[in-house]
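For reference, the structure is listed below as structure tokens.
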Amino acid sequence: ALQRCAATYYPEFEKEKVVWKRIGSVIRFCLDSEKNFPLDSNVVMTGNNIKYLCGYLNSKLSVKQLLEHSPKTGTGDVIISVQALEPHRIPPITTSNEPIVKQIEALVDKILAAKKQNPQTDTGEWEREIDRLVYRLYELTEEEIGIIEGER
């Protein structure tokens, strides 16, 4: 059975993927293009438009939703399993929002390139731009954005 399982899932680890830790107090999603095999305390996601998903999942809106709606441990850490992401309403890519998605992917590329060159590089402005693009995907009002940003 283990051989059948390995044969089925092994190729997925060789793909570009989003990786995150299953339980923690800080939510971060990482793009892995290096064919790494994460530990069992991590979760991986493969598929299409991985850079868009990584950018979206690291946005303030996504993190706020995960913090509010994901199950918690007894110590208050967030449990982000696949089941926690399933109810997440990630905007599907359409012809009308594809330019925004492409901008998010381009910003993810910039962040990755900058961090590869110098891990201490401040990419905050690009991250804030991804937040603004995610708000546009949802057509949020200034008041709604203020709630997410913690201003209201």
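State whether the residues of region 42-56 include one that is free of Cβ contacts under 8 Å to residues at least 40 places away in the same chain and under 14 Å from L133 (Cβ atoms).
Looking through region 42-56, at least one residue is free of Cβ contacts under 8 Å to residues at least 40 places away in the same chain and under 14 Å from L133 (Cβ atoms).
Are any of the residues in region 136-151 aliphatic (A, V, I, L, M) and within 21 Å of C30 (Cβ to Cβ)? Give the derivation first.
If we filter region 136-151 for residues that are aliphatic (A, V, I, L, M), which is where we start, we get 137, 140, 145, 147-148.
Then keep just the ones that are within 21 Å of C30 (Cβ to Cβ); that gives none.
Looking through region 136-151, none of the residues is aliphatic (A, V, I, L, M) and within 21 Å of C30 (Cβ to Cβ).
For region 78-88, how many residues are at pLDDT 90 or above and under 28 Å from E125 (Cα atoms)?
To start, the set of residues in region 78-88 that are at pLDDT 90 or above comprises 78-80.
Imposing the further condition that a residue be under 28 Å from E125 (Cα atoms) reduces the set to 78, 80.
Within region 78-88, residues that are at pLDDT 90 or above and under 28 Å from E125 (Cα atoms) number 2.
When you scan region 110-126, do you find a residue that is crowded, with 17+ Cβ neighbours inside 10 Å, under 21 Å from L66 (Cβ atoms) and either among the basic types (K, R) or in contact (Cβ under 8 Å) with a residue 40 or more places away in the chain (or both), even just one?
Within region 110-126, none of the residues are crowded, with 17+ Cβ neighbours inside 10 Å, under 21 Å from L66 (Cβ atoms) and either among the basic types (K, R) or in contact (Cβ under 8 Å) with a residue 40 or more places away in the chain (or both).
The values are calculated or read from the model by the stated rules, or taken from the named source; none is laboratory data. Note that the structure is predicted; figures quoted are calculated from it, not measured. Counting neighbours? That spans all protein chains shown, and the Cβs are built from the backbone with ideal geometry, glycine included.
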